[in-house]
Structures are given as C-alpha cells and as structure tokens.
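K.L.:
Here it is: the structure, laid out below.
None of the figures in this text is laboratory data; all of them are computed from the coordinates on show. Here the structure is a predicted model, which is why all the values come from computation and not from measurement. Glycine also receives a Cβ, built like all others from the backbone with ideal geometry; neighbour counts cover every protein chain displayed.
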C-alpha cells in the first residue's frame, strides 16, 4: 500500500546535490531517480508532485523521471499529483499533459467545477482519475465539511464518485491521513474504490489509524503516501540508503496494521 | 474591461502556422505574440491559460510570451490562468511558478482546500489572487450551488473573500458570464472587489447582462475575458487584423453597456 511522493525540494537535498555546480533541474532529476532506484521494489505507486518541477522549470526532467519509472518499475502505478480542475476544453489539455506527455497512469484532480470538468479525465481509457475529497491540511474543513442536505460536502463528493464518476471511468479519492474518522465515513460510502491517503510521516497521520479506518472489506483499497519522511531521512551521501530504510519501516508498519483486525 | 485570453489551439491556427514545418511550441509562441501585438492597446489584461502550453511542452515559450507582454505593454495586467489549489508547502511552489517564473501579476486558484491553501498566493506582496467562485461551465452548479447555512457554496466563497481573504492580500473572484444572476449576487457581497468574468464570446455569455449585473457602484470592477472569439476570428494570414477587429467590437460593446444605466 506504500506510495512514495516525489516532492524534490533542492533546499533539502544532500550536500553533494546542493551547491550550484550544475543546474537545479538536473539535480532534481538525479535526486528523484536515486529515490526511485532505492524504493521501487517496496511501493505500489510513485507520486511526483508537479509543482516541485514547475517552480524550477524542470518539466523535461519530470518527463525523464516518469519515463524512468515506467522502464525500471513497469508494475508500479505512476500518479501525477497535479490537482487540476478546469472546464471541458481546458480539462482535455490537462488530461493530455498527465496521460500523454508524462505517461501517468493516474492524475489527481479537484471536484469544485463539477462532473463535466472531470469527464475528460474519467473518459480516458485505461487511466485513473483521483478526485480530492477531504484533503490533509488543517484548513480543509472550511469548505469540505460544510453541511448540505444533511451531509458534509466531502461526503457528497464521495457519494457522487460512487454513484456517477465510477460509471464513467476508473476513479479513486484523496482523503488525508490526518482525518481517520472522515476516512472511515468515506470508505463506508465508496465500497472498494481505492483511496489515496497523503499525510502520514511529516504531516503526522497515524498509520494504524489510517489502515483501520480506510481499508475495504478485502483488507485492500489504500494507497498510503509518504514524501518528506522518506526523501529527506538523511542529508548525507547515503540519503538513498536511508530513504530505503525508512520506506521499509513504513511499509512494514502498514503491513503489521493490515495483519491486525 | 476587456481581457484577451491566450488559449493557443494549434488545430485552429491559420494555415501558415499549421503544418509541421517548425515545432508546435514555436508556432504557439508566434501566434500568441501576434495576438498580443494586435490587441495590447485595447485590453486591461491578458490571460494565458497554462494548460494550452503544458499539453505541448511549451513552458519556455510561455515564459517568452509573458516577458514580451511585460515589455510591450507594461500597464496591462498579466493573469496566469492556472486554477491551482494545493496544501501550503506545495501552494508556495505554485505561487513561485506564477509570480516568479512567469512574472504574472495575478493567478487563478481553486478554493476547495480552504484559506490556508490560498495564503501563499494572497501573502505575496504586489500580486493578485483570483479565486474561483462560480465557474462558467454547464455543470458548475453541481457543487458550487449546494446550499449550506441558507446560502449556496459560491456565495460562501464570495463572503469568505470579502471578510477574510482581502484582509490577507489583493484578491478577486471568477464568476462566469453564463450566470448573470449569480454575478449580481456575488457583486452584492463583495463591494468593489474585481471580478474576472470568462464565458462571453464562444461560450455565449451576454455582454450587456454581464456589465449590468457585475459592475460595482463606480461602474468599474470587471475584467471580461474573451478567448476563442477573438483568437480564431479568422484563419487566414490576416488573423491578427481580424482578432483586432473583434477585440475592438467587443471592447466597444462593453463600453456601450457601461454607458447605459
């Protein structure tokens, strides 16, 4: 169930990848490929966060990293974390960005614009659309928990996913690890739909609580993301070894939680 | 009040910019710069839609176009239409993408994640944050019009902008031209806050209805966007002249509506 989030922050890179001896975009590529090599056999998914690349003009490097993941670990799901959301014609172009340009298997999107804005993603064959439901940040309740027709907005989103979006295409939801109660409520609505769970590790979500609240009746259905806690476990030359060590510990914690009923 | 949206669609380019004689990204740059030259003296803002560039790997060209707008028309507001929305650390990087990399004066963002996700944008000095409120698409009512505490979600967003977001930084809202009734309701809440209005032209919104519903008490406060109707007015070599002609007509229609009370 472990997903490693690729959030390359050059200010946190190990010493030998800091400095400005070579271009920041190339250093981002080197860093990410070493993390991929070190953890690819431990994960169900990699999730590059496109903002980390866009802020530094490193789109070509992101293309290279995505191609590298495809080649080295063809069975690992490649999720582009982009949280796109726009009207129809523009959404088609964002779908092209994620699925064609970066060759992602799935992309995260924002539901605020409604079903017609999600259709270009959902309707793409053999690709997954992962819709924000209840995000991991402290302020996520401000709009997501507003009660409408007797239920909070995020449960209305979950219900729409279960009743409508999954009839159009493969979909999943995002629910933050920081809200296990809400995660359980979403699971009760969506049956066996996969749920992507950010917010363990540096954001403080509890793994056992996530597994207990979020797994489906087959003890499956979760993609649990950790980024910073794995990527920046160590800032020495052996950062990739340390990342692997933390990834193994995290995977084992998840698996121990799954063994407990 | 006219804003020209830069949504460069290579399949709609004039003949001489179609073909594959040179790279699609370079043709996008050429097309946009000619539109900028032809309309820059008629507009209050240009609004490049980043999806059109991202789908074709044309980020460098978008940088060039933004720099060109800055240089040729320094008084025109440069709005990056990106509809970003992510949690704090990631939002900071999207703010960097919009304001530093592309040098935009303002960027469009999505409110679903709440105030803390908007703060990195709002808190950037001398920059504007334009938050989606009621979008122009047919399905926008699905979540945006859900009633919570006696008012639809999009009015709750407008109220939060008026009460909270504008105390953090410069902000504006997006309300589609296709919903003039909703535009009037938003204006009643936000006072003199600017409103970006997409959806006239190809999407069918009526200019007089938009001006009547959306202007503030000083007969100001609207940024009315047209993209396709101007960009693709003509597919011959004289496309830029035709774009100018339609832009003048549109500006004049807006100004006539403003003169009517």
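K.L.:
How large is Rg over Rh for the range A:52-133, taking Rg from the Cα atoms and Rh as the Kirkwood inverse mean of 1/r across Cα pairs?
P.N.:
0.97
K.L.:
In degrees from 0 to 90, rounded to the nearest 10, what is the angle of the helix A:24-39 Cα long axis to the longest principal axis of chain A?
P.N.:
70 degrees
K.L.:
Rounded if a/c is under 1.5, else prolate if a/b is larger than b/c, else oblate: which is the range B:1-112, with a ≥ b ≥ c the root eigenvalues of its Cα gyration tensor?
P.N.:
It is oblate, given that a/c is not under 1.5 and a/b is not larger than b/c.
K.L.:
Also: Taking every pair of Cα atoms in the range A:78-198, average 1/r, invert it to obtain the Kirkwood radius, and report Rg/Rh to two decimals.
P.N.:
0.95
K.L.:
Just to confirm the numbers: residue A:72, label point 7 angstrom along the Cα-Cβ line, distances to the other copies in nm, shortest first?
P.N.:
4.4
K.L.:
Apply the Kirkwood formula to the range B:145-250: the hydrodynamic radius equals the inverse of the mean of 1/r over all pairs of different alpha-carbon atoms; give it in Å with one decimal.
P.N.:
15.0 Å
K.L.:
I need A:226, B:238 ordered by Cβ neighbour count within 10 Å, fewest first.
P.N.:
Listing A:226, B:238 from fewest to most nearby Cβ atoms yields B:238, A:226.
K.L.:
Now for a separate question. Given axes a ≥ b ≥ c from the Cα gyration tensor, I'd like to know whether the range B:5-57 is rounded (a/c under 1.5), prolate (a/b larger than b/c) or oblate.
P.N.:
Since a/c reaches 1.5 but b/c is at least a/b, the shape of the range B:5-57 is classed as oblate.
K.L.:
Give the angle, between 0 and 90 degrees and rounded to the nearest 10, that separates the Cα long axis of helix A:239-259 from the longest principal axis of the Cα atoms of chain A.
P.N.:
For A:239-259 against chain A, the angle is about 30 degrees.
K.L.:
Evaluate 2.2 N^0.38 Å with N set to the residue count of the range B:126-167, then give the Cα radius of gyration divided by it.
P.N.:
1.27
K.L.:
Roughly how many Å is it from the Cα centre of the range B:149-186 to that of the range A:166-242, as a whole number?
P.N.:
Centre-to-centre distance over Cα atoms comes out at 33 Å.
K.L.:
Would you mind ranking A:235, A:227 so that the residue whose beta carbon has the fewest other beta carbons within 10 Å leads the list?
P.N.:
Least to most surrounded, the residues fall as A:235, A:227.
K.L.:
In vacuum, with every alpha carbon of chain A counted as one equal point scatterer, what does the Debye formula give for log10 I(q)/I(0) at q = 0.10, 0.13 Å⁻¹? Two decimals, please.
P.N.:
Debye intensities relative to I(0), on a log10 scale: -0.48, -0.82.
K.L.:
Stokes-Einstein at 20 °C, 1.002 mPa s, Kirkwood radius from Cα pairs: D for the protein assembly as shown in µm² s⁻¹?
P.N.:
91 µm²/s
K.L.:
With an 8 Å cut-off on Cα pairs and a minimum separation of 6 or more residues, tell me the relative contact order of the range B:2-259 in percent.
P.N.:
RCO, the range B:2-259: 19 percent.
K.L.:
How would B:119, A:151 line up from fewest to most surrounding beta-carbon atoms within 10 angstrom?
P.N.:
A:151, B:119
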